[in-house]
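Here the structure comes first, spelled out in structure tokens, and everything after it is commentary.
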Amino acid sequence: MEMLHLKLKNDLMKLALEYKKSLDIDIDEEQFKQFVIKSIDEKNINFSFTNECKVKECDRCSARVWKDTPQRCSHKIYEGNYCKKHNIMIKNNGFLRFGDINQERPAYDLIKLKNGVKEKLFWREQPLEQLQSILNQQQNKVILTTPKLILD
């Protein structure tokens, strides 16, 4: 995972330096590099790739589960589109706690909501979506802070 962080830093630095050159203004390069590195280090990027699933994609349960991050259940289909555990959950509750991966993400834990507890779910983006969001934020920060760097 450290390699991914290093690659991200190098790629962001390269993009930031290209952007700095395109501005055609005089900004101290070392100060600019330190700003980019500090901005990257302040972001908490979590790469959570696992090889847990031994079941072929087409044979996997379609229930959404929540381990460290929301993901597809790794168990084999038992009946319909779901494994034994999720079929029991549907039988007992009438629905899945976090929904089906082919449907929109629910805003609340559906089982707790049924019991009167409104627990909001905070969905995290997948690693590639997370990287794109960070790249967009960094680009905006560079654009917004460039005038400050010029004044210093």
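The values are calculated or read from the model by the stated rules, or taken from the named source; none is laboratory data. Computed from a predicted structure; not experimentally measured. Cβ: placed from backbone, ideal geometry, glycine included. Neighbour counts: every protein chain shown.
Scanning the range 37-79 for residues that are hydrophobic (A, V, I, L, M, F, W, C) and at pLDDT 85 or above turns up 61, 63, 65, 73, 77.
Summed over the range 91-101, residues that are modelled with pLDDT of 90 or more and either under 20 Å from residue 74 (Cβ atoms) or assigned by TED's automatic domain parsing to the domain that holds residue 8 (or both) total 5. Here is the figure for the range 108-137: residues that are modelled with pLDDT under 75, in a helix (DSSP H, G or I) and polar (S, T, N, Q) total 3. Cβ-Cβ distances below 6 Å connect the following pairs, each with a first residue in the range 30-50 that is more than 27 Å from residue 71 (Cβ to Cβ) and in the same structural domain as residue 137 (by TED's automatic domain parsing), a second residue that is charged (D, E, K, R) and at pLDDT 75 or above, and a separation of six or more residues or different chains: 32/20.
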